[in-house]
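A short worksheet on the structure shown next.
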Amino acid sequence: MAGAPGPPPGPRVVTDEQRRGEVELSVLVPAHDAAATLAAQLDALVGQDWTGSWEIVVADHRSTDGTAALAREYAARHPRVRVETVTAGRGAAAARNAAARCARGVNLAMVDADDIVGPRWVAAMGDALRDHECVTGPLEVRRLNPAWLVATRGVPSSTAPMTFHGLFPTIAAGNLGIRASVWRAVGGFDEAVVAQEDAELSLRLRAAGVAVHFAPDALVHYRYRHEPRVLFRQGLLYGTYRPLVARRARAAGLGRAPRFAGWRSWVVLVVWLPRLATRTGRAAWSWVAGVRLGTLRGSVRYRTWYL
């Protein structure tokens, strides 16, 4: 797959697939109980322009709130939007896989229902996928998150993809563009990986020789969780599956992740103890504690030393 030439830039080439009723790009928005945030994401998408043919697919995955009704309202007003109800599997990886199966696009682009794409995201993704097999872009974290939370998580690069300890580039599931043929060839997300499924997919793409192109205009405003209890649970899952990714990366010949990469965070847990007296301090501490305990649990579960 690596090195396979894409369509030349310039006027859009109508493919055989598109003549059969498919489109050049499917923008996939898997959604589960996202009624509070979905409208902002859809507003950001429906107003965008691009020279290619494209669709927006909201894949409602087992929602129990007003997500499906809200999505249908948009579909009624915007012909580009359609709604699919998906019930297969559980978790984010299953929802994204199900959304991909609903797509008519030769290329796929995925965003999350609780984020907001930048004003040129569709064009940046669509244009880049004409020349590249896999595309990602920057995650901007200051617009939708308080400063204290950003400080605990760090600011992603605006000029290059993130990496897993420098071993391979990682593509955030909420800012992912990929050719449908490549998606099928690598098998999509591993639904057994409950968290870090995008990092696990990234290592398989790297092992398959698929290069990741970084498109600066494919910007997504990314939303963090901020409630202490939710942050702890999310951090616990996030940390639990990082040792698995490290183990699979080593097995794939991509190198060994540092065994004590998170030692500074263990120190932070002690230094930040006085902050537990404040609400924001409890939230920041809960995230770090969840991740660190998760890595400890994952190291035991997957028999790999990664703290």
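The values are calculated or read from the model by the stated rules, or taken from the named source; none is laboratory data. All values reported here derive from a predicted model rather than from experimental measurement. For neighbour counting, all protein chains shown are included, and Cβ atoms are generated from backbone atoms with ideal geometry for every residue, glycine included. Protein only, heavy atoms only, side chains kept; ligands, DNA and RNA dropped before computing areas. Shrake-Rupley method; radii C 1.70, N 1.55, O 1.52, S 1.80 Å.
The table below gives the values:
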read-out	value
Selection within the stretch 170-182 - assigned to a strand (DSSP E or B) and of a type in the set (A, V, I, L, M)	LEU176, ILE178
Members of the stretch 204-223 found to be open to solvent by 50 Å² or more (accessible area, probe 1.4 Å) and part of a strand (DSSP E or B), listed by number	HIS213
Count of residues meeting criterion [open to solvent by less than 20 Å² (accessible area, probe 1.4 Å) and outside any loop (DSSP other than H, G, I, E, B)] in the stretch 188-198	1
Filtered residues of the stretch 270-280 (kept if without any contact (Cβ under 8 Å) to a residue 60 or more places away in the chain and under 15 Å from LEU149 (Cα atoms))	TRP272, ARG275, LEU276, THR278, ARG279
The stretch 59-73: number of residues that are closer than 17 Å to LEU45 by Cα and more than 23 Å from the chain's Cα centre (by Cα)	2
Selected residue (only one of ARG12, ARG72, ARG62, ARG82 is at pLDDT below 55 and basic (Lys, Arg))	ARG12
Unique residue being open to solvent by 60 Å² or more (accessible area, probe 1.4 Å), out of contact with any Pro (no Cβ under 7 Å at 6 or more places or on another chain), among the aliphatic types (A, V, I, L, M) and closer than 10 Å to GLY239 by Cα when the list is LEU293, LEU273	LEU293
Checking ALA94 against (1) in a helix (DSSP H, G or I); (2) open to solvent by less than 10 Å² (accessible area, probe 1.4 Å); (3) at pLDDT 95 or above, the condition it does not meet	(3)
Residue match in the stretch 67-79 (condition: of a type in the set (S, T, N, Q), farther than 22 Å from VAL212 by Cα and open to solvent by 10 Å² or more (accessible area, probe 1.4 Å))	no
Failed condition for VAL106, given (1) within 17 Å of ALA40 (Cβ to Cβ); (2) in a strand (DSSP E or B); (3) β-branched (Val, Ile, Thr)	(1)
Search result, residues across the stretch 120-157 that are more than 18 Å from THR37 (Cβ to Cβ) and assigned to a loop (DSSP other than H, G, I, E, B)	ARG120, LEU129, ARG130, ASP131, HIS132, GLU133, GLY137, PRO138, GLY154, VAL155, PRO156, SER157
Long-range neighbours under 8 Å by Cβ, at least six apart or interchain, first residue hydroxyl-bearing (Ser, Thr, Tyr) within the stretch 159-182, second assigned to a helix (DSSP H, G or I) and open to solvent by 10 Å² or more (accessible area, probe 1.4 Å)	THR170/ASP198
Only one of ALA160, ALA185 that is open to solvent by 10 Å² or more (accessible area, probe 1.4 Å), part of a helix (DSSP H, G or I) and more than 29 Å from VAL271 (Cβ to Cβ)	ALA185
The stretch 170-179, subset out of contact with any Ser or Thr (no Cβ under 8 Å at 6 or more places or on another chain) and of a type in the set (A, V, I, L, M, F, W, C), residue farthest from SER202 (Cα to Cα)	ILE178
Test for ARG120: is it basic (Lys, Arg) and surrounded by 18 or more Cβ atoms within 10 Å (Cβ to Cβ)	yes
Candidates LEU201, LEU167, filtered to the one that is outside any loop (DSSP other than H, G, I, E, B) and buried (at least 17 other Cβ atoms within 10 Å of the Cβ)	LEU201
Meets criteria (at pLDDT 95 or above, of a type in the set (Gly, Ala, Ser), in contact with a strand residue (DSSP E or B) (Cβ under 6 Å, 6 or more places away or on another chain) and buried (at least 20 other Cβ atoms within 10 Å of the Cβ)) for ALA249	no
